[in-house]
Amino acid sequence: MPTTTNSLLDGVETPLTINLLEGTPVEKREEIRRYFHQTFDIYEKLFEPMVSQEAFVTRADPLRHPLIFYYGHTAVFYINKLILGKFLKERLDPHLESLCAIGVDEMSWDDLNEAHYVWPDHVKVKAYREQVRATIDKLIDETPLEMPVQWNSLYWIIMMGIEHERIHLETSSVLIRQLPLSLVEQEHPSWAVCQDDPTPPENDLVGVPGGLVQQGKEQPSRFYGWDNEYGSFETEVAEFKASKYLVSNAEFRQFVDDSGYQQQAYWSEEGWKWAQYDAHGMPRFWRKRGDGSYALRTMLKEIEMPWSWPAEVNYLEAKAYCNWLSAKTGKSIRLPSEEEWYRLLDYTGTPDVGAWKNGAPGNINLEVCASSTPVNRYEFGQGFFDVMGNVWQHTETPIAGFAGFEVHPLYDDFSTPTFDTKHNLIKGGSWISTGNEVIRDSRYAFRRHFYQHAGFRYVESKHEVVIKDDRYETDPDVTPYCEAHYGPDGLGVDNYAEKIAQICLDRMAKEERNKALEIGCKVGRTTFELAAGFKQVLGLDPTARTIRIGVEMVDKGYTQWEIPSEGDIVDFRQAYLKNIGLDSARSKVEFMQTDLSNMKDLYRGYDLILINCQLERSYDPAQFLKSVHERLNEGGLLVIASTNDWNETHTQRDKWLGGFKDRTGENQSTLDGIELALGEHFKSAEAPIEIPQVIRRNARVFEHNLVQVSFWRKA
């Protein structure tokens with residue numbers, strides 16, 4: 001595959017993503033090594049313009065972490081995934097790998113409280129990044145590669161880390177764009193902006209004939225892909241008209257000058273709330289001077305407004321503009337659907353990356369400049385410009401999985417937290433999009449008020465885009481827990497999630513009940529039940545796929561899911577907190593994502609800690625137990641519920657707490673192992689008990705467990 005060398009980045013190569021199907025193992029290993037180092041180098045260059053530690057720790061956006069988090073996060077990601085996949089045994093820096101682990105942008109289970117963080121110096125993070133670089137290099141040296149590269153390969157995980165860093169190359173550049181100018185070098189040789197701003201062209205609608213659109217791919221596939229790209233979807237798209245150009249700043253100014261930001265009629269309900277809250281009255285990166293002229297904030301500096309460049313707005317602004325244009329012209333103007341964007345891509349004959357000749361077809365892959373370019377510079381065919389590149393293009397389509405969608409076991413919450421009808425797809429890439437972002441199959445979605453380097457083109461169509469707003473949870477790894485927590489009692493057995501909470505509350509009846517912590521909360525029922533007796537309860541779980549159900553319960557008071565009955569027949573369920581007497585608990589409950597074996601220090605000061613069937617799914621349970629006393633108040637109660645089902649899928653044999661013969665040849669039970677790990681900090685409070693737990697797989701297949709529950713009082 002061709003590789004481009006970009007003078008924009010002082011000679012650092014910006015290669016296209018790796019072909020994982022073709023080539024010899026030896027060649028492919030070295031190709032992936034080069035791709036890894038090039039990605040690391042480019043990401044380092046992104047942070048070169050930061051002038052001080054203050055630039056790293058200043059929060060550019062109140063809904064995102066400061067940039068020091070993202071500087072460390074992309075390196076931490078490699079180590080955390082390699083530990084989880086058992087490709088590495090030892091951590092490099094447990095504290096940093098916990099601090100910078102979870103970076104879900106504006107998800108309710110992501111902790112954005114600045115009081116919880118003491119950010120490290122960026123020099124220390126840079127040194128850690130070099131440790132990671134050396135670690136990955138060593139793994140590549142020592143690990144043979146088999147072709148084709150597939151999901152279970154070390155090299156797939158390395159590619160996952162590479163493409164993950166390339167995503168953050170883009171999202172971090174947006175945050176840098178929001179920093180005060182005093183915190184960045186305004187001139188940097190690697191990040192020079194376009195100098196052209198010709199007279200803005202008049203936009204026009206051009207016809208696109210209808211046709212069949214096919215999306216999705218199978219494993220193995222040619223290029224690395226995120227889980228939402230796999231599966232299949234096919235649809236017949238009706239004819240429509242699309243704007244010849246992306247909407248320019250000059251075009252969008254007409255909406256601004258017509259008081260578009262002040263007229264509720266043009267905005268959706270969500271959009272109007274945002275417009276009132278944001279209160280800029282113009283796109284975020286526009287600056288209005290005292291003399292009435294405009295400037296544009298690029299990544300590092302402000303320049304005279306380039307009216308021929310695409311307007312960079314969020315989805316809500318783009319939709320409001322389309323509604324305004326509809327009202328002005330009497331035409332049915334809206335944003336395109338994802339399928340219509342693909343139809344335009346096919347109609348213009350735009351090739352996928354493997355067929356690019358002489359570089360990228362437009363302002364993409366860091367091959368032109370560190371900014372947008374005029375909307376009439378890059379023609380793609382059939383009279384359309386910027387079908388790919390320049391800026392991302394908003395669509396009307398919320399992201400969802402295709403038929404056959406399945407998650408990667410080492411990154412099971414990349415996509416599913418966004419399958420909530422609140423994250424709309426953006427298509428086509430921007431000037432800084434590289435790697436997976438520029439392939440045909442890429443699918444990225446953000447909340448509708450988020451800013452990326454994104455703009456839009458509009459379409460005219462008599463066909464509305466129908467958005468289903470009644471999503472039922474269908475994830476097969478989540479719905480059994482929805483059923484177990486909130487559905488009818490299976491096989492006539494008491495609801496385990498309710499029962500374990502009541503057992504904890506009974507034992508705390510005469511104790512202080514301020515704060516409780518549940519580790520392994522799944523979809524949240526036990527956390528809510530504990531809140532009936534505690535003032536504040538935090539539910540922790542390693543995956544956002546389950547946490548988001550609890551978050552949904554807090555936000556809406558209900559959730560709904562599908563559960564298999566037999567074959568393709570499913571039962572539809574709904575559950576309301578008010579119907580189980582827990583609606584008042586919503587204000588006392590919070591959910592966060594965490595790794596039990598590498599938890600942040602901030603989770604402390606609890607009167608009760610419940611570890612709920614999580615030790616046996618942890619890769620280093622003893623490590624947590626040895627320090628859990630630091631998280632519990634004096635005299636506090638530790639309750640450990642476990643199936644004692646040790647499996648090397650989750651825990652290496654040498655990390656098991658029990659289920660083996662010790663050095664003397666005697667059997668060591670899990671209970672023995674727990675007592676050894678807890679050491680002198682705890683005493684057994686009472687004899688263990690056993691509670692049945694039933695998890696439904698379909699109407700006639702159930703998993704029936706017997707959970708051992710032990711009680712430990714902090715000494």
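No value in this document is a laboratory result; all are computed from the given coordinates. Bear in mind that the values here come from a model prediction, so they are computed numbers and not experimental data. Neighbour counts run over all protein chains shown; Cβ positions are idealised from the backbone, glycine included.
Return Thr643, Thr17 ranked ascending by Cβ neighbour count within 10 Å, so the fewest neighbours appear first.
Values: Thr643 15, Thr17 25.
By the 10 Å Cβ count, ascending, the order reads Thr643, Thr17.
With charges set only on the Cβ (+1 for Lys and Arg, -1 for Asp and Glu), what does the dipole of the chain come to about its Cα centre, in debye to the nearest 20?
Using only the charged Cβ atoms, the result is roughly 940 debye.
Please give, to one decimal in nm, the separation of the simple spin-label points placed at Asp41 and Gln219, each 7 Å out from Cα toward the Cβ.
About 3.2 nm, to one decimal.
What order do you get for 142-154, 625-637, 540-552 when each peptide is scored by the mean count of other beta carbon atoms within 10 Å, highest first?
Working: 142-154: 15.2, 625-637: 17.8, 540-552: 24.4.
Averaged packing, sorted descending, gives the order 540-552, 625-637, 142-154.
Please arrange Tyr347, Tyr472 by counting, for each residue, the other beta carbons lying within 10 Å of its beta carbon, fewest first.
Tyr472, Tyr347
Return the distance in nm (one decimal) between the two label points of a simple spin-label model at Asp489 and Asn647, each offset 7 Å from Cα along Cα→Cβ.
Reported label-point gap for Asp489 and Asn647 is 2.7 nm.
If you count, for each residue, the other Cβ atoms within 10 Å and average over each peptide, how do 647-657, 300-310, 367-377 line up from highest to lowest?
367-377, 300-310, 647-657
Assigning unit charges at the beta carbon (Lys, Arg +1; Asp, Glu -1) and nothing else, what dipole magnitude in debye, to the nearest 20, does region 7-183 show about its Cα centre?
With Lys and Arg at +1 and Asp and Glu at -1, about 220 debye.
Can you list residues whose amide H is under 5 Å from Thr17's amide H, if they're 5+ apart or on another chain and H is modeled 1.01 Å from N?
Those lying under 5 Å, H to H, from Thr17 are Gly435.
For region 428-540, what is the relative contact order in percent, using Cα pairs closer than 8 Å and at least 6 residues apart in sequence?
18
Suppose every K and R has +1 on its Cβ and every D and E has -1 on its Cβ; what is the size of the dipole of region 479-714 about the Cα centre, in Debye to the nearest 20? The partial results should precede the final answer.
Details: 30 positive and 36 negative charges, 104 e Å.
Result for region 479-714 is approximately 500 debye, rounded to the nearest 20.
Give me a comma-separated list of calculated 3J(HN,Hα) values for region 226-241, in order, Karplus coefficients 6.51, -1.76, 1.60 applied at θ = phi - 60°, integers in Hz, x for any Gly or Pro.
Ordered by residue, 3J(HN,Hα) equals 7, 4, 6, 7, 8, x, 8, 8, 9, 8, 8, 8, 6, 4, 7, 10 Hz.
Roughly what % of Cα-Cα distances in region 479-714 sit above 24 Å, to the whole percent?
44
In whole Å, what is the distance between the alpha-carbon centres of region 431-452 and region 490-526?
Using only Cα atoms, the two centres lie 41 Å from each other.
Compute the FRET efficiency between Glu239 and Gln574 as 1/(1 + (r/R0)^6), taking r as their Cβ-Cβ distance and R0 = 51 Å, and round to the nearest 0.05.
Efficiency, rounded to the nearest 0.05: 0.80.
I'd like the Karplus ³J(HN,Hα) series for region 647-657: coefficients 6.51, -1.76, 1.60, θ = phi - 60°, whole numbers in Hz, and an x wherever there's a Gly or Pro.
Working through the residues one at a time gives 8, 5, 4, 9, 9, 4, 3, 6, 9, 4, 7 Hz.
If the limit is 22 Å between Cα atoms, which of Lys499/Lys683; Lys81/Lys138; Lys244/Lys319; Lys515/Lys714 go over it?
Beyond 22 Å between Cα atoms: Lys499/Lys683.
When you take every Cα atom in region 7-183, what is the radius of gyration, and what is Dmax, the widest Cα pair distance, in Å?
Calculated on Cα positions, Rg and Dmax stand at 16.7, 51 Å.
Tell me the relative contact order for region 7-183 as a rounded percent, counting alpha carbon contacts under 8 Å between residues six or more apart.
Computed over region 7-183, the figure is 36 percent.
Using alpha carbon centroids, what distance separates region 251-287 and region 181-203, in Å?
First find each Cα centre; the distance between them is then 24 Å.
Nearest 0.05, what FRET efficiency do Ser268 and Asn152 give at R0 = 60 Å with Cβ-Cβ as r?
It comes out at approximately 0.90.
Using a Cα-Cα cut-off of under 24 Å, which lysines could be cross-linked to Lys301, ignoring same-chain neighbours fewer than 8 residues away?
Lys45, Lys288
Over the chain, what is the mean sequence separation of C-alpha contacts under 8 Å (at least six apart), divided by residue count, expressed as relative contact order in percent? If you can, show how the numbers build up before the last one.
Working: 1405 pairs, mean separation 83.4, N = 715.
For the chain, the relative contact order is 12 percent.
What share of Cα pairs, in percent, lie more than 45 angstrom apart in the chain?
Values: 64419 of 255255 pairs.
So the portion of pairs separated by more than 45 Å is 25 percent.
Would you mind checking the pairs Lys535/Lys556; Lys217/Lys462; Lys28/Lys124; Lys522/Lys600; Lys28/Lys89 and listing those with alpha carbons more than 27 angstrom apart?
Distance filter (> 27 Å) returns Lys217/Lys462; Lys28/Lys124.
Stick to the Cα atoms of region 314-449, pair each with every other, and give me the Kirkwood hydrodynamic radius in Å at one decimal.
16.2
According to a simple spin-label model (label point 7 Å from Cα along Cα-to-Cβ), what is the distance in nm between Asn705 and Arg507?
Going from the Arg507 label point to the Asn705 one covers 1.7 nm.
Once Lys and Arg get +1 and Asp and Glu get -1 on their Cβ, which of Phe380, Gly659, Leu517 lies farthest toward the positive end of the dipole of the chain?
Towards the positive end, the residue furthest out is Leu517.
Restricting to DSSP loop positions (anything but H, G, I, E, B) with no more than 12 other Cβ atoms inside 10 Å of their own Cβ, which GluC sites (Glu not before Pro) remain in region 191-263?
Listed in order of number, the matching sites are Glu202, Glu218.
222 nm [θ] for the chain, helices only, -39500 (n - 2.57) per DSSP H run of 4+, per residue, to 500?
-8500 deg cm²/dmol
Fewest Cβ neighbours within 10 Å first, please rank Asp620, Asp583 accordingly.
Exposure proxy ranking, most exposed first: Asp583, Asp620.
Residues of region 131-161 with the amide nitrogen closer than 19 Å to a label point 7 Å from the Cα of His95, along Cα-to-Cβ, please.
Answer for this model: 131-132.
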